[in-house]
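Student: Below: one structure in structure tokens.
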Amino acid sequence: MTSEPEQQWGVGIQDAFQRLWTPHRMAYIQGENKPTGPGADDGCPFCSIPAKSDEDGLIVKRGEQVYAVLNLYPYNGGHLMVVPYRHVADYTDLTEPETVELAALTKQAMTALRTASGAHGFNIGMNQGTVAGAGIAAHLHQHIVPRWGGDTNFMPVVGHTRVLPQLLADTRKMLAEAWPAA
């Protein structure tokens, strides 16, 4: 699908790009709903969401240890997060029951997203720490982002580039040496 660029006054020099405006993301960029500190009582939204109704909290599924909630600032439609009720920052600090249920709800979320939206694939992951990109680093949460064919970021599509900071052989060696004994 192609279309002619249209004049967009006030956005600089006209180019071949069409702009998709997402003003709802500005609240996220400016830090709205972010905690004031690392504690559960410092305004952590993941601690306050479970006290709301499912509709008000955007909760899709409640488990015993974790819950699934829509991301308020999604990267794609259907972007979910699976969040432990307990205020814990690091994946290694989860209890075994929390870990098991987090995995189970992730699988269930994938099934639900495939059924509801025909998702072709998923990005699933956790950003551990602010330096790793966690918007709310003090309360662990796993992202489940549905993806569809033709839906990709700009680097491989526009720049024909993949960004890899280390040779794969070096990465493999580093991980093999650091892997815990079974």
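The values are calculated or read from the model by the stated rules, or taken from the named source; none is laboratory data. Please read all numbers here as calculations on a predicted model, not as lab measurements. Ideal geometry is used to build each Cβ from the backbone, glycine not excepted, and the neighbour counts take in all protein chains shown. Surface areas here come from the heavy atoms of the whole protein model, side chains and all, with no ligands, DNA or RNA. Shrake-Rupley method; radii C 1.70, N 1.55, O 1.52, S 1.80 Å.
Student: Are there any pairs with C-beta distances below 6 angstrom linking a residue in the range 59-86 that is among the aromatic types (F, W, Y) to a residue that is modelled with pLDDT of 90 or more and buried (at least 22 other Cβ atoms within 10 Å of the Cβ), with the two at least 6 apart or on different chains, and if so which?
Tutor: Y67/V83
Student: Another question about this same structure. How many residues, within the range 45-77, are within 17 Å of the chain's Cα centre (by Cα) and among the polar types (S, T, N, Q)?
Tutor: Result for the range 45-77: 2.
Student: Show me the helices (runs of 4 or more DSSP H) entirely contained within the range 25-139 in which 1 or more residues are closer than 23 Å to G149 by Cα and open to solvent by 50 Å² or more (accessible area, probe 1.4 Å).
Tutor: Of the helices (runs of 4 or more DSSP H) lying wholly inside the range 25-139, those with at least 1 residues that are closer than 23 Å to G149 by Cα and open to solvent by 50 Å² or more (accessible area, probe 1.4 Å) span 96-117.
Student: On to the next question. Kindly evaluate L167 against the criterion of being of a type in the set (A, V, I, L, M, F, W, C) and at pLDDT 85 or above.
Tutor: no
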